[in-house]
Structures are given as structure tokens and as C-alpha cells.
Amino acid sequence: MGKRDRGGKGHSPADSRELSRRAEEAIRKSARHARASDTGPSRRLAWSTLRRAMALAEIPVGHATLLLLLALALAALPVISPRLEQWAIDDGIRSGEYRIIVAACLWLIALALFQLGAGAAQGIVANRLGQDAMDRLRRRVFAHMQRLSIGFYERREPGKIIARVTSDIDAINELLRMVLTGLFSDFLKGLGISIIMFAANWRLALLVHTVLPPIILLMSAFRRRSERVFRRVRESLAGVSSYLHETITGIRVIKSFSRERVSAAIFADLTEHYARASVNQVRVFASLFPTIQFMHSIALVMVFWYGGSLASAGAITLGGIWAFVRYSLMLFDPWRALAEFAASAQRAAVALDRIIEVLDEEPLVSDAPDAVALPSLTDRIRMEGVDFSYDGRTPILRDVSFEARVGEVIALVGATGAGKSTIVKLLARLYDVTGGRVTFDGVDIRRATLGSVRGQIGMVPQDAFLFAGSLRENIAYGAPDAPSSVIESAADAAGVSEFASRLPDGLDSPVHERGVRLSDGQRQLLSLARALASGARVLILDEATSSVDLFTESAVQRALEEARPGRVTFVIAHRLATVRSADEILVIEEGRIVDRGDHAALMRSSARYRAMALRRFTDLEEEPWSA
Ligand SMILES: Nc1ncnc2c1ncn2[C@@H]1O[C@H](COP(=O)(O)OP(=O)(O)OP(=O)(O)O)[C@@H](O)[C@H]1O
Ligand SMILES: [Mg+2]
């Protein structure tokens, strides 16, 4: 074996060291994320989390009361039945009263049946309430997120935003379900049992209760330890899923660099880490439950020992001892439930914080209280001395002024990062200007309703996005009621019909899953057709044809020429063909307009434009300069 075969099976030791180092890095990275979002709420009280969750879930008072009553009933049953059994033993079995035995048995059956019904009802009602509440919450969060400005999304990773509506809401649901079904009845049950024990024989009750403090201490110690273990499980799971997300979205890069084997090995390490953490988690609990079992046994021994001596002195009956045994076994349940509640409250607190953060987020751009509906553009758009900054500190645009009349085509050219896309985002009011103003027919767009501004805009963004559905549905997205003739002529104009005619179902072919896979250029044309079909007064093409061949591009140019009357068209382009027919070309440099004029004038007067044209226009060789 002379050659090193990268696709082979063997790992060299150096290779696997490198892999585990990288896996560790990945885990640490996700661990940092998890920790950063965990620190705040972990110190917060479980009860305040619960209050916030209940308020957010908006559970109707009537239903909550019904559940509370059911909980009360369910709590009473385990408290009552040992007393019935005591009665059967002492007054029935020991004194040979058959009638009492039968009566006690009938009562016990009745109670068991009641418990069956109430328990089932509780489960159904609580589940229904919980799911309804989560449904409402999901809708509310989603609707709110739809209202938020584009800036909210540009600042965050999509995976994190998705988690707010999915796993975060699930964590709250878990807490609510626990509270609605178990918590109150367990708590009431514990209280009832203690009271009845002390009432029956306070000395014996006191003795049995001495087992409680060590159990509670033990549980809180376990809880602290399990928190660490739980966190490690969560972190390693986050490591697995974020790596999964990354490799699925980046699969083309992985394949083109032949990194499949490396990513499989990194994934193997991550999932092994997760498996180990899960084993550890079970180990913690493996010792908890036997310990509780042991304490149970101690409590039983105490009842027999001290109860036995009380019985021989006639201070307690045999049935009394039986009841005590039953109560002692149930005494710890509520405390275990409380411990579980605290753990789930902790998870929910983190989730709540994230959801509340979203709900508290105000849209950066919104309708002013006295906003007016803007009529259709008839005359001109102006930017007047516009300054802009995304973060309030770094200036991106400085003193940008220009005017665009209906029927004109305005081109924006400039280096990468100069601020071209930012200018058109301000025209669509995706952001509000920091200084100066943007006017449509003389009206400041901040005084107009968002809907009436954006309704006039047909934006073809830099990265064409297609929704699941047919080509036709994608074109009709901005004009769902448009007749099919409008859709088809938009498809013709944008050059979509050309390639659609070769698809099995033409314009009705589905895109995305199981549908046709379109090329980048075809997606851009589709996105352009969408803007044309919407009948927008302001057409914005942000590198809209960068992936389209020159021949198709010139067809698109003709379509734009046809669409020109009655609209203002803004184009951002790196190609001469797109730019040269513009009425005005704005040369942007570091957020300023440094030169302006039509192509011929700029070629004569602007050294900057000339240099840029020679350097950047990618179709220069195909189409010699005419200036
Ligand atoms: N959402 C954002 N938040 C913060 N800064 C941003 C945001 N979008 C863009 N920027 C910054 O604003 C500047 C201008 O970006 P813009 O997208 O307008 O450039 P561009 O001229 O369209 O570049 P390109 O030709 O590469 O598309 C850049 O420095 C960029 O880093
Ligand atoms: Mg851009």
C-alpha cells in the first residue's frame, strides 16, 4: 500500500486525534450556547416561572377550577381508603362482623371506581387545556414573529427562531401538564396524609415523619446533581442536532471537498458523547430510587416496632397499624412530585424567557398612529439627505439624495458592501431611515401605512426564494387574485414560459420537494415574474439576473423596457447590458453617491465609473463599449 487512500477504512492515529479534537470543539461550542441561555433563569423560583407560564397560556378560569376540584377529589381518595381498610380490619374481621366487611368492601370498590372516572376525566381535561393553550401560544408567537421587522430575522440564526415555536413551547407544555394533572393533587395528598396521621396517633406520626427531612435533603442533592447531568445531556444533544443541521445544509460543500468520512467521524464522536451523557443520567436515578425504597423500609420498621409496642399497651389497634403502614408508603410521593416539578420548571423557565423575548420584541418599523394609506404612485420617488445605520452606531449610508420619476429606470452600481441593497431596502421601508426622508409623490413613507407602501413594491431580491407549490402559484404569490392571463404574460415577459414549456406540467409543475429542481437563473426569472405579476408601481431588481445567461438577460431587458411605462424601476447590477439603458446611474461608494448620470455621460466624466466598468462589468468582452 504505497498510496494514502483517503476513502479507505483505516483511521491513522493522527487522524482520529484530529477528529476527536474537532468533535470536542463542536461540543464545547454548543455547550457555550446552551450555557449562555441557561444561566439567568436557573436561579429563578419555580413558582414565578409557573405564574408566567399560566399567564402566557391564558387558561380559562372555569376550566382551571374544574381541574382543581378534580385534583381535590383525587387527593382525598388515597387519604380515605386506608381509614376504610382500618374499619374493615378492626370492626369487621377482628370482631367477625361480616356485614361491616361487606360494607367496607363496597365502599372501597365505589371509591376505586370514582378514582378511575375522576382520573380519566382529569387526564382528558388537562390534556385538552394544555394543547389548546399551546396552540394559542404557538399561533400568537408565530403571528407576532410575522409582524416583526426584517431586522429581527437578519440578526438571528433560523434554527434558533424555529426552536421558539417548537421545542420551547413543548417545554412549557410539559410544565403545564405536570401542574394541571399531578402537582396539586400530590401536594394536597401529602398534606392530608400528614394531618390524618397526626390526628390518629401523633407520637407514631412524629416518628414516621423523622424519615422525611433526610429524604427531602437527599432529593434536593439529587436534583442539583441531576441538573448537571441533564444539562450535559442537553448540551450533547444540541451538539448532535446543530452538527446535523450544518451538515445537511452544507452537504454540497462537504461533498465537493470529499469530507464525508470526516463529518461521519465527527458525528460519531458527538453521538457517542450524547450516549455517554444519557447513560450517566440514568445512573444518577438508578441510585435515587433504591435509596427511597430503603427509606420506605425504615419507615415501615418504625411503624411495626413502635406501633407494635403501642398496640401491646392498647394504644393502637391492628387496623390502625395497617393504616399507618399504608400512609407511610404514600408519604414521600408528593415530595418526589415536587422535585420533578422543580426540574421541569427549570427547563420551562429557559423556554419562557426565549418566548417572552420574542413577544416583547417590537417591530422596528410599524404604522404611525395617524398613518395614511398612500395612493398609487403617479409622479416620483425621492430620497432626501438619507442617513442610515443598522445598529445605530456604524453609519452605512450618508446623505443619499436622488429622484426617480415614473417611467424611469435607475441603476445602482458600486463595490460589494457599498450599500446598494441597503438603499432599496429603505425604499421598501423594510427599515426606517435614521436621518433625512424617503417620499412617494411628496409623502414621507413613514407617515403612510406599511401595507400601502409595500403593496406598491415588487422586489426581486438578491437570493430568489421560492415557496413550496407550483411555478404558477409562486408567480401569483403577490397577486393571488390575478387572472391567469396576467400570470402567463408575466411568465412570458420574465422568460419563465420559455423553460416551463419543457417541464412535464408546464407552469403547473411543482417546485421543491418531489418537484422540479430549478437552476439559480431559472429561480431568478421566476422571482422576476412574481414581481411583474404583482403589478407593482416600483420594481426593484437586486442583482436579479446575475445567474442568467447573457442571451436570456437581453430578453429580460426587453421585458423591463416594456414594463417601464407607469413604473419606477431600480436595478442593481454588475452587468453593462442591464445598466447602460438606465436613465440615471448612481455610483455608490461607502454609502455615498459619488457620481451620477447616464452611461455615456459617466464614461466621459467619471474616472471612477470608467475604472469600475472596466474592472467589474462581467460582460465587457461580449459587448464592446460604445461610449
Ligand atoms: N442586516 C444588516 N445588519 C447590519 N449590517 C448590515 C446588514 N445588511 C448589510 N449590512 C452592512 O451594510 C453594508 C452595506 O451592505 P449592502 O448589502 O447594502 O451592500 P451591497 O452594496 O448591496 O453589496 P453587494 O453588492 O455585495 O450586494 C455592508 O457593510 C454590510 O456589512
Ligand atoms: Mg446587495
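The values are calculated or read from the model by the stated rules, or taken from the named source; none is laboratory data. What you are looking at is a predicted structure, and each value in this text was computed from that prediction instead of being measured. Here the Cβ positions follow ideal geometry from the backbone for every residue, glycine too, while neighbour counts run over all protein chains shown.
Residue by residue, here is whether (1) away from ligand 1 (no atom under 16 Å from the Cβ); (2) not in a helix (DSSP H, G or I) holds:
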{"residue": "491", "(1), (2)": "yes, no"}
{"residue": "518", "(1), (2)": "yes, yes"}
{"residue": "525", "(1), (2)": "yes, no"}
{"residue": "532", "(1), (2)": "yes, no"}
{"residue": "541", "(1), (2)": "no, yes"}
{"residue": "555", "(1), (2)": "yes, no"}
{"residue": "561", "(1), (2)": "yes, no"}
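Each residue in the range 143-162 was checked for being more than 10 Å from ligand 1 (Cβ to nearest atom) and of a type outside the set (A, V, I, L, M, F, W, C), and 9 pass.
Please work out if residue 486 is in contact with an Asp or Glu (Cβ under 9 Å, 6 or more places away or on another chain), in a helix (DSSP H, G or I) and at pLDDT 90 or above. So residue 486 does not fit the description; no. Of all the listed residues (445, 396, 475, 381), the sole one being within 16 Å of ligand 1 (Cβ to nearest atom) and of a type in the set (A, V, I, L, M) is 396. Only residues that are hydrophobic (A, V, I, L, M, F, W, C), modelled with pLDDT under 80 and touching a Ser or Thr at 6+ places or on another chain (Cβ under 8 Å) were counted in the range 554-582, giving 2. Taking the listed residues 162, 150, the one that is hydrophobic (A, V, I, L, M, F, W, C) and modelled with pLDDT under 85 is 162, with no other qualifying. Applying the set (1) touching a residue at least 40 places away in the same chain (Cβ under 8 Å); (2) under 28 Å from the mean Cα position of the chain (by Cα) to residue 194 leaves exactly one unmet item: (2). The set of residues from the range 458-490 being more than 28 Å from the chain's Cα centre (by Cα) and over 26 Å from residue 425 (Cβ atoms) comprises 471, 472, 481, 483, 484, 485, 486, 487, 488, 489. Within the range 162-189, how many residues turn out to be touching a Phe, Trp or Tyr at 6+ places or on another chain (Cβ under 7 Å) and more than 18 Å from residue 51 (Cβ to Cβ)? Of the residues in that region, 1 qualify.
Conditions tested, residue by residue: (1) farther than 21 Å from residue 339 by Cα; (2) part of a loop (DSSP other than H, G, I, E, B).
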| site | (1), (2) |
| --- | --- |
| 230 | no, no |
| 242 | yes, no |
| 253 | yes, no |
| 258 | yes, yes |
| 272 | yes, no |
| 275 | yes, no |
| 282 | no, no |
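Just one of the listed residues (80, 89) is closer than 22 Å to residue 183 by Cα, touching a Leu at 6+ places or on another chain (Cβ under 9 Å) and part of a helix (DSSP H, G or I), namely 80. Against the test of being under 14 Å from the mean Cα position of the chain (by Cα), modelled with pLDDT of 80 or more, closer than 24 Å to residue 50 by Cα and exposed (fewer than 15 other Cβ atoms within 10 Å of the Cβ), the options 128, 139 yield a single qualifying residue, 139. When the range 406-434 is limited to residues that are within 9 Å of ligand 1 (Cβ to nearest atom) and of a type in the set (Ser, Thr, Tyr), the one that is modelled with the lowest pLDDT turns out to be 416. Of the residues making up the range 583-601, those that are away from ligand 2 (no atom under 16 Å from the Cβ) and acidic (Asp, Glu) are 583, 584, 595, 598. Considering each residue of the range 275-282 in turn, at least one proves to be in contact with a helix residue (DSSP H, G or I) (Cβ under 7 Å, 6 or more places away or on another chain) and among the hydrophobic types (A, V, I, L, M, F, W, C).
In the range 568-582, what residues are away from ligand 2 (no atom under 14 Å from the Cβ) and closer than 19 Å to residue 425 by Cβ? Result: 568, 569. Scanning the range 460-473 for residues that are closer than 23 Å to residue 572 by Cα and either at pLDDT 90 or above or of a type in the set (D, E, K, R) (or both) gives a single hit, 463.
Looking at residue 285, is it within 30 Å of residue 90 (Cα to Cα) and surrounded by 10 or more Cβ atoms within 10 Å (Cβ to Cβ)? So residue 285 fails the test. Among residues of the range 451-467 that are outside the structural domain of residue 546 (by TED's automatic domain parsing) and closer than 15 Å to residue 421 by Cβ, none has a beta-carbon under 8 Å from a residue that is more than 16 Å from ligand 1 (Cβ to nearest atom) and of a type in the set (Phe, Trp, Tyr) at least six positions away or on a different chain.
Where helices (runs of 4 or more DSSP H) fall entirely within the range 134-196, those with at least 2 residues that are more than 16 Å from ligand 2 (Cβ to nearest atom) and closer than 15 Å to residue 348 by Cβ are at 158-165, 167-178. Any residue at all in the range 492-503 that is more than 16 Å from ligand 2 (Cβ to nearest atom), buried (at least 21 other Cβ atoms within 10 Å of the Cβ), of a type in the set (S, T, N, Q) and more than 28 Å from residue 366 (Cβ to Cβ)? No, that holds for no residue. Pairs are defined by a Cβ separation below 6 Å, a sequence spacing of at least 6 or placement on different chains, a first member in the range 589-614 that is in contact (Cβ under 8 Å) with a residue 12 or more places away in the chain, and a second member that is among the hydroxyl-bearing types (Ser, Thr, Tyr) and not in a strand (DSSP E or B); the pairs so defined are 595/606; 595/609; 602/609.
Restricting attention to the range 286-300, the residues being out of contact with any Pro (no Cβ under 8 Å at 6 or more places or on another chain) and closer than 20 Å to residue 198 by Cβ number 4. Of all residues in the range 579-597, none are within 16 Å of ligand 1 (Cβ to nearest atom), hydroxyl-bearing (Ser, Thr, Tyr) and in a loop (DSSP other than H, G, I, E, B).
Of all the numbered requirements in (1) within 16 Å of ligand 1 (Cβ to nearest atom); (2) part of a loop (DSSP other than H, G, I, E, B); (3) in contact with a helix residue (DSSP H, G or I) (Cβ under 6 Å, 6 or more places away or on another chain), residue 548 misses one, and that requirement is (1). Report whether or not residue 469 is under 30 Å from residue 505 (Cα atoms) and more than 16 Å from ligand 1 (Cβ to nearest atom). Yes, satisfied.
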